[in-house]
Amino acid sequence: MQSARVLSIGEFSRLTHLSVRTLRRYHDAGLLEPARVDAASGYRYYTGEQIPTAQVIHRLRELDVPLTDVQRILRSSDPGTRAALVADHLHRLESGLERTRAAVASLRRLLQPEPAAVDVELRRVPATTVAAVEDDVQLRDVLGWYAGAMAELDAVVPEPAGVPGGVYENELFETGRGHVLVHLPVAGPPSSGRVHPVTLPAVELAVTTHVGTHDDIDVTYGELGAWVVEHLLAVAGPVRETYLVGPRDTADPAAWRTEIGWPVFQVAPA
């Protein structure tokens, strides 16, 4: 029987949107033990099966669940006990705050006994020249930065040839700061202010669509990443997002649709 492929702490960080520093802290606290630690180098290695556990821990800590309760939830083999422990804490926190409601919904999705299989499309994207705004951004500031960058793009490109997109370097997820590029397709991209032409290189992507608010988009990232690890050779390139329907189109988050493209290398026909 073939053993599960191990992931470096950097790969695991990208799949879970947890920084390397946070993963080390979870290890030291006894919450998430690596599948293997190299005795000579001290490098930590994980498996794809640990992704849901990492994201459950992340959601519980976002909800300020005490470490002792997190350990009890993870160590309990009874789904009813786990659900009861989570429910007790959720009842204390559901005070109407938007951030809390989003985290609760995401946690419930993660704790589904049989989550739906992720629908993945393999896509070859040709090189494309777009109008773009780019910068190095802190992960916590991405949403605000994105809103400002898109407002500038909309002002300079009033009639785009398609929907907006984003390119997110791995360092953004691994260290909490990295290069971000947002863009609009347009014939003859202009140069004005921060807006300038950029040619995005051709790439092969494993693509899935995240439905709804972006509060739990990291769960879809984890599902896609786990699928890629199991089926294809992942490439250490930037992740791409395409905003088919978003806040610019409708105020209803349930209608939002975001494509996530994970760089891959196909060695055989799909």
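The values are calculated or read from the model by the stated rules, or taken from the named source; none is laboratory data. From a predicted model like this one, the values you see are computed outputs, not experimental measurements. Cβ placement follows ideal geometry from the backbone for every residue including glycine, while neighbour counts extend to all protein chains displayed.
Across segment 40-79, the qualifying residues are those that are modelled with pLDDT under 90 and assigned to a loop (DSSP other than H, G, I, E, B), and the one among them that is nearest to GLY225 (Cα to Cα) is LEU63. Scanning segment 14-25 for residues that are crowded, with 20+ Cβ neighbours inside 10 Å and in a helix (DSSP H, G or I) yields ARG14, LEU15, THR16, LEU23. Against the conditions (1) modelled with pLDDT of 95 or more; (2) within 21 Å of the chain's Cα centre (by Cα), THR128 satisfies every one except (2).
Listed here are the residues, each with its yes/no results for (1) closer than 17 Å to ASP215 by Cβ; (2) outside the structural domain of TYR26 (by TED's automatic domain parsing); (3) surrounded by 14 or more Cβ atoms within 10 Å (Cβ to Cβ); (4) under 24 Å from the mean Cα position of the chain (by Cα).
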| position | (1), (2), (3), (4) |
| --- | --- |
| HIS58 | yes, no, yes, yes |
| GLU62 | yes, no, yes, yes |
| VAL65 | no, no, yes, yes |
| VAL70 | no, no, yes, yes |
| SER77 | no, no, no, no |
| VAL86 | no, no, yes, yes |
| HIS91 | no, no, no, no |
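Of all residues in segment 1-13, exactly one satisfies the criterion of being under 24 Å from LEU60 (Cβ atoms) and either surrounded by fewer than 13 Cβ atoms within 10 Å (Cβ to Cβ) or among the polar types (S, T, N, Q) (or both), namely SER13. Go through (1) over 20 Å from VAL229 (Cβ atoms); (2) in contact with a helix residue (DSSP H, G or I) (Cβ under 7 Å, 6 or more places away or on another chain); (3) surrounded by fewer than 15 Cβ atoms within 10 Å (Cβ to Cβ) for LEU31 and report which single condition fails. Tallying (1) over 20 Å from VAL229 (Cβ atoms); (2) in contact with a helix residue (DSSP H, G or I) (Cβ under 7 Å, 6 or more places away or on another chain); (3) surrounded by fewer than 15 Cβ atoms within 10 Å (Cβ to Cβ), LEU31 fails exactly one: (3). Do we have HIS196 as in contact with a helix residue (DSSP H, G or I) (Cβ under 8 Å, 6 or more places away or on another chain), in the same structural domain as ALA132 (by TED's automatic domain parsing) and modelled with pLDDT of 90 or more here? For HIS196, the condition - in contact with a helix residue (DSSP H, G or I) (Cβ under 8 Å, 6 or more places away or on another chain), in the same structural domain as ALA132 (by TED's automatic domain parsing) and modelled with pLDDT of 90 or more - is not met.
Taking only segment 227-251 into account, find how many residues are modelled with pLDDT of 85 or more, of a type in the set (A, V, I, L, M, F, W, C) and touching a strand residue (DSSP E or B) at 6+ places or on another chain (Cβ under 9 Å). So the answer is 6. Here the condition is being in contact (Cβ under 8 Å) with a residue 12 or more places away in the chain, acidic (Asp, Glu) and in a strand (DSSP E or B); of GLU241, GLU230, GLU223, it holds for GLU241 alone.
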